[in-house]
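Each remark here refers to the structure printed beneath this line.
The values are calculated or read from the model by the stated rules, or taken from the named source; none is laboratory data. Since this is a predicted model, take the numbers as computed values, not measurements. Neighbour counts are summed over all protein chains in view; Cβ atoms, including those assigned to glycine, are modelled from backbone coordinates with ideal geometry. Each accessible area value is taken on the protein alone, full model and side chains, heavy atoms only, with ligands, DNA and RNA left out. Shrake-Rupley method; radii C 1.70, N 1.55, O 1.52, S 1.80 Å.
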Amino acid sequence: MAHTHGKFVWYELMTSDMAAAEIFYSEVVGWKTQDAGVEGIHYTMFTVDGRPVSGAMSLPESARSMGIPPLWLGYIAVDDVDTLAADIVIDGGVVHRAAADIPGIGRFAIVGDPQGAAFALFRGLSSRQPPPPQDTPGYTGWHELYADDSEEAFSFYSKTFGWQLSRDFDMGAMGIYKIFGLEGGEMGGMMEKPETMPTPSWIFYFTVPAIDAAAERVTAAGGQIINGPTEVPGAWVLQCLDPQGAMFALTAAVR
């Protein structure tokens, strides 16, 4: 397997309405849909030019009974799922779903960091084709963590995945935005969550050709814009809720 330890390799939507979600993201991001052919479960893959880039499944009943809303979950590639899941617990995190095999695909576990943000660990059985540049439409261009304490959060993820601090960006009253990366490339940022956000969480930015047109598609398809469009260094960003309540974001290059 190509060495990808510490890199996001998959994004999974857990939703309350599969059919509606497939239509919404196809219209907003431009993804095509493809049934994954997983026995016993309806799992949809979103594709770009025939290549799977993310997936969707129904929010498990156990999660619904606990009041967990629809959400996007990021999968991070690791060398050893079981060992790292155990280390995360030692470091104050939690295992939400114990390590298990996905037949023919790989091994995964769903975990939470010490402040409560959820993500998944993944080890594939085969190598993956390297992704295109981050600004390629349809792919995930940025990964953002809203934490209770971004300094402590960065220390945890740096120890767990080897992420490096690229630079700090002073956002004034909103605090310091910590931009992190791996192997010389920037992957995302971390900041303190606003009071309106109930729990720490990850948000993923899907790349679109133009932000204004994408904003119109979000509202036309029944989604909600919660922030933006906003120009940041080198890009436009837009944070949204899909019709079922899952938070996601869009990004487009400044042209």
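Filtering 50, 37 for residues that are more than 17 Å from the chain's Cα centre (by Cα), closer than 25 Å to residue 252 by Cα, modelled with pLDDT under 95 and of a type outside the set (A, V, I, L, M, F, W, C) leaves a single hit, 50.
One residue stands out in region 126-153 among those that are over 22 Å from residue 25 (Cβ atoms) and without any contact (Cβ under 8 Å) to a residue 40 or more places away in the chain: the one that is surrounded by the most Cβ atoms within 10 Å (Cβ to Cβ), namely 152. Here's a check for you: in region 172-184, which residue that is under 19 Å from residue 202 (Cα atoms) and without any contact (Cβ under 8 Å) to a residue 60 or more places away in the chain is most open to solvent (accessible area, probe 1.4 Å)? The extreme case among them is 174. Taken over region 80-105, the residue count meeting the criterion of being farther than 15 Å from residue 160 by Cα and either modelled with pLDDT of 95 or more or more than 19 Å from the chain's Cα centre (by Cα) (or both) is 8. Residues in region 53-110 that are in a loop (DSSP other than H, G, I, E, B), within 30 Å of residue 208 (Cβ to Cβ) and of a type in the set (A, V, I, L, M): 4 in all.
Per the conditions (1) open to solvent by less than 60 Å² (accessible area, probe 1.4 Å); (2) touching an Asp or Glu at 6+ places or on another chain (Cβ under 6 Å), the sole criterion not satisfied by residue 107 is (1). Could you please let me know if residue 219 is open to solvent by 70 Å² or more (accessible area, probe 1.4 Å), of a type in the set (Ser, Thr, Tyr) and at pLDDT 95 or above? Answer is yes for this residue. Residues being over 27 Å from residue 152 (Cβ atoms) and in contact (Cβ under 8 Å) with a residue 12 or more places away in the chain are represented in region 88-105 by at least one member.
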